[in-house]
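The next block holds one structure in the form of structure tokens; read it before the comments.
Values quoted throughout were computed directly from the atomic coordinates according to the rules given, and no laboratory measurement underlies them. Predicted, not measured: the structure shown is a model, and the values here were computed from it. Quick reminder, even Gly has a Cβ in these numbers, built from the backbone with ideal geometry, and neighbours come from all protein chains shown.
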Amino acid sequence: MSALSVVGGGGFGLALAHAALRGGHSVTLWSRRPIDERPAGLLTTSKLADVAASDLVLVAVPSSHVLDTARALGEHLEGRHLVVHVSRGLVGEGLHTVSHTLRHETAARRVGCLAGPLGAATLRDGLPGGGVIGTAFGEVADAVRTAIGGPALRLYETEDVLGVELASALVGLLALALGFAKELGYGPSTLSMLMTRGLAEVTRFGVACGADEATFHGMAGFGDLLAAAFGDERPEVLLGRSLARGQRAVDAAREAGAHVEGVQIAHRVSARARSLGVEMPISDAIAALVDGTIEAPRALETLMQRRVRRE
Amino acid sequence: MSKVASALRQLLTKPLRLPHLAPFVAEPGQPPIFGFNSERGDIVREVVTRVQARLKAEGRPLEYALNEVAIDEVRRLEGQRDDEARLHLGRWRGLLKRCGRMNDAEKAEALREVSEHYASDVAGNFDPRVYAMATRAIPHGLSAILKPSSVPADLGRLGLGPVAVDELMRTEGELDLLRKLWTKGTLVFVPTHSSNLDSVALGYALMREQLPPVVYGAGKNLFSNPIVSFFMHNLGAYRVDRRIRAALYKDVLKTYAGVMVERGYHSLFFPGGTRSRSGLVERRLKLGLAGSAVEAFSRNTVRGVTRPVYFVPTTINYSLVLEGETLIEDWLKESGKARYIIEDDEFSQIERWIAFFRKLGEMEAPCTIRFGRPIDPFGNVVDDEGRSIGPHGRPIDPTGYVSREGRATLDPRRDAAYTRELGQLLAERFETETVLMATQVVSHVLFRALVQRSPGLDLFGRLRLRGDVALTREELRADLGATLERLRELEQRGAVRLSRLSRTAAPDELLDRVAAAFSGYHERTILTETNGTLTLEDPTMLLYYQNRLVAYAERIAGDGQLPAAREIARLARAGGAS
């Protein structure tokens, strides 16, 4: 039994706390807001300094809050801390990964990312599931397994942190496209084509950024995409649906639930792809949709009219 | 006759030492290297013990390790067919034959002998008398070390006079901080690497700036000149024989480097490994031996020794690179990427040296060494007191990085990960600490013009455009002027550094100085000017010098130049290893 801290009192933060408590660990959870349904034994705090008491810190805040949270954590974290985040998304104009932000804003270096098809409910209830921990540090992966692992949870490990974080963020974009196409009433064959091509293009992007192709075909990429496709109605899918109904991005995001990362990164990913010389037609279409420069029905048409080449 | 000559050659490759009666003991306040000789035997023993322990911990049969090293050495010596082969090949062949029949104790002993043979070969020497001599020899020092028999006369003939050497080099950056830090921890200099001159130039710079001497690994080929060898060997350099591929040798080397840092010897490692073939500033750093410095910090911490390690990102910038032509040709040859040792480059040709020194008189300080702000092994900056400072300006305890649950631990995988991250950070720092010399800036503007004027051609097509592209001086003046302005802006923002000439000179002056510097220096003519028209005679050398600006190309491109700049940037990306 050991101690760990969770930063963020949202669904995933609480699920992490549940899993760790089930393993008999002592858990301190930091949250801006009071927690209504607090699991038995959970210590809560509103002071980030309390988080630094344990060496393992799990960060579960939406990526739009990552920068502020990382800065605030920077006041307290030191070299002895192991920090693992579960945020899906990229930070700022520079499209920095969350772990990059954590490393730059805090003194912690042993950083990792937990991603893949692991849903909050699965984790909270101890149902069979799995994910992947991206970290260059074996001890980080070990610490996470010790903290939240259980008989029903398979946590794989890779050193390709960049790949895990990019895959995780970009699958969010694809989930948005998925919701969009679903709302327009397309069936399995259209959706499958869209997802397959989508995964291919985000993989291209990732490889151009220096990530490992295999990572996109694993838990963080393919695995997570399947979870979205099988219908866990995650916010990105809902957002895609709203956009397809012709709603403006801002309203759609509000309706789908707060902090939808897809809205914020579509445009930037598209621009970065251009400067890298990578073609990303689906991301371009999403960016155009979010910007409102293209009408919903036109988007898919544009995609279908592209010249067909060898696979 | 040939036997005598070969025996003599063999003798000369063994670095000479001066006889001494009493061991040198470092006086208080002197860097630890002054007491190196009394520790030398102990260090060799420690390296051997550690290598043995690691082999044992790996749990592989010792026979494998023994077999591997013997096979590698037999293969190498068979290929070498030189005096060393004649002397040692038989012994290795014998070992290869015997090792199958040895019992475990014999195998362990054989491995110990091999490790000891390697460690003794690697280990350097430090003779304070030689150091004092070298110090006194300044300002002739650098030249004397390089070409002692003829340099003074040459310098006289060339009209450079005794002040020459000091004029030749400019040092800048965090010198005051370094002078404070060397007593508080171990300095590990990690410079960019473009010439065989680098280690000598840096050694000289440290001496001139009253910084302690450093130990560093020098390629064995540099030891082939007995006089160079004498100075290098007696000033702390250890020998690295890149021809030896055996894993055991690399292990010995890395352990030696680590033990030296652990014991507080200020060190120098070239994190890019070999000289940059392309002229590009190194971007992917493997760190290699420098990684042992991270592990050294862990080992000390575990033992309860708190001696900080400070990495000093350093850039060594030349107006002209002695071996430029060979290096870039090597980069361009696909097969060249695997070639580690170039025996026959300009470094070994006396006439190149004379040309080099002659040119030096005409340029601004032709070598500028810039010392960046030191960082700890975990990428934190260091303050004047030598403390690690976190991103919020708070002092932090670096030993935490090598601890788990409050206890310091040894973890090679963890340290390897720290090392990789340090490599990335150093690459970023190299980009902002690089000092762009006038020759490089002018080459970039010229090469960019060439790219703009040859759309659709690939790199090799462009390199064949010898004498095909010409520009008027007016065109060039305007282009260079605008580029300089953007570069100066970048410098203001701290994104790069400029040499004094690049920072202050007007375009015309810059062009004249660079044209004069290029003229007659390299074998091939780079640039000619007739009636106000400049002709690009050798795109290859322009490429080499302009490669230093690749990281900034897109940021300093003017209207309509962005596609060319992107192409230049992409070309460097595609080039792979630098």
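Data for the structure
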item	result
Label-to-label distance, nm, for residues given as A:R33 and A:H267 (7 Å Cα→Cβ offset)	2.7
The stretch A:3-159: C-alpha gyration tensor shape, a/c 1.5 cut-off, then a/b vs b/c	rounded
The stretch A:3-159: relative contact order as a whole-number percent, Cα under 8 Å and 6+ apart	22
Within the protein assembly as shown, percent of DSSP bridges classed antiparallel, to nearest 5	35
Members of B:K107/B:K250; B:K56/B:K184; B:K220/B:K286 lying beyond 27 Å, as alpha-carbon distances in this model show	B:K56/B:K184
Cα gyration tensor shape of chain A, rounded if a/c is under 1.5, else prolate or oblate by comparing a/b with b/c	prolate
Distance between the stretch B:243-308 and the stretch A:39-97 - C-alpha centres, whole angstrom	33
A:A152 paired with B:R407, simple spin-label distance in nm, labels 7 Å along Cα-to-beta-carbon	3.4
Chain A: DSSP helices with Cα axial extent of at least 27 Å and average Kyte-Doolittle hydropathy no lower than -0.5	A:161-183, A:188-209
Total formal charge among the other residues, if their Cβ is under 9 angstrom from that of B:A449, Lys/Arg +1 and Asp/Glu -1	0
Neighbouring partner chain Cβ atoms per residue of A:78-88, average, 10 Å criterion	3
Cα shape, the protein assembly as shown, gyration tensor, a/c 1.5 rule	oblate
Sorted by Cβ density within 10 Å, fewest first, the residues B:C99, A:C113, A:C209	A:C209, B:C99, A:C113
Neighbouring partner chain Cβ atoms per residue of A:47-55, average, 10 Å criterion	1
Residue mean of other protein chain beta carbons inside 10 Å, A:137-144	3
Highest to lowest packing among B:63-70, A:79-86, B:371-378, scored as the average C-beta count within 10 Å	A:79-86, B:371-378, B:63-70
